[in-house]
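Asks: Please read through the structure below; I'll follow up with questions.
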Amino acid sequence: MSLCLDAGALIGIEKGDPKTWKRLEEGRSRGERFVTTATVMAQVWRGNRSQAWLAKVLKEMTVLPFHKVTAYSVGVLLARTGTADVVDASLALAVQRGDSVLTSDPDNIALLLDALGTEATVYPL
């Protein structure tokens, strides 16, 4: 199982948000691997010193690529749901049945996962 993190979760790591760190520790204790997408990482990463904690967590995180096939799938998902957030849609496509998602936009993630038929636990920030 995986704990999938959106941009809000990565920002929470960067800012030392206690709720975010608590969920990470719970995920570690359950043996979950941490997953995000290249689009989520690109939305947050700036490469400055204030992101030292984020850099440390990213080293242990699986970052899934964004390829042409993914772009087609994201576009179809956005059309199906009437939404426009490419970053959230790319993350939703990465979520597998039984995974958990740590997100600052639980309603949008839940809508996208529902459209995909993916059963996952959504933890709001």
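Quick note: the coordinates plus some simple rules give every number you see, no bench work behind them. What you are looking at is a predicted structure, and each value in this text was computed from that prediction instead of being measured. When we count neighbours, we look across all protein chains shown, and the Cβ atoms used for this are built from the backbone with ideal geometry, even at glycine.
Asks: Could you check LEU102 against (1) touching a strand residue (DSSP E or B) at 6+ places or on another chain (Cβ under 9 Å); (2) assigned to a helix (DSSP H, G or I) and say which number it fails?
Replies: Just one mismatch for LEU102, condition (2).
Asks: Within region 49-68, is there a residue that is small (Gly, Ala, Ser), farther than 17 Å from TRP21 by Cα and more than 14 Å from the chain's Cα centre (by Cα)?
Replies: We begin by selecting, within region 49-68, every residue small (Gly, Ala, Ser); these are 50, 52, 55.
Among the residues that remain, those that are also farther than 17 Å from TRP21 by Cα are: none.
No, every residue in region 49-68 fails to be small (Gly, Ala, Ser), farther than 17 Å from TRP21 by Cα and more than 14 Å from the chain's Cα centre (by Cα).
Asks: Tally up the residues in region 1-31 that are surrounded by 14 or more Cβ atoms within 10 Å (Cβ to Cβ) and not in a helix (DSSP H, G or I), please.
Replies: Number of matching residues: 7.
Asks: Kindly indicate the residue of region 68-96 that is β-branched (Val, Ile, Thr) and part of a helix (DSSP H, G or I) and also surrounded by the most Cβ atoms within 10 Å (Cβ to Cβ) among those meeting that condition. Steps first, answer last, please.
Replies: Restricting attention to region 68-96, the residues satisfying the condition of being β-branched (Val, Ile, Thr) are 69-70, 74, 76, 81, 83, 86-87, 95.
If we keep only those that are part of a helix (DSSP H, G or I) too, we end up with 69-70, 74, 76, 81, 86-87.
Working: VAL69: 8, THR70: 18, VAL74: 23, VAL76: 13, THR81: 18, VAL86: 16, VAL87: 21.
Once the filter is applied, the top-ranked residue is VAL74.
Asks: Within region 56-67, identify whether any single residue is touching a Phe, Trp or Tyr at 6+ places or on another chain (Cβ under 7 Å), of a type in the set (A, V, I, L, M), over 11 Å from LEU91 (Cβ atoms) and in a strand (DSSP E or B), and answer yes or no.
Replies: Checked region 56-67: no residue is touching a Phe, Trp or Tyr at 6+ places or on another chain (Cβ under 7 Å), of a type in the set (A, V, I, L, M), over 11 Å from LEU91 (Cβ atoms) and in a strand (DSSP E or B).
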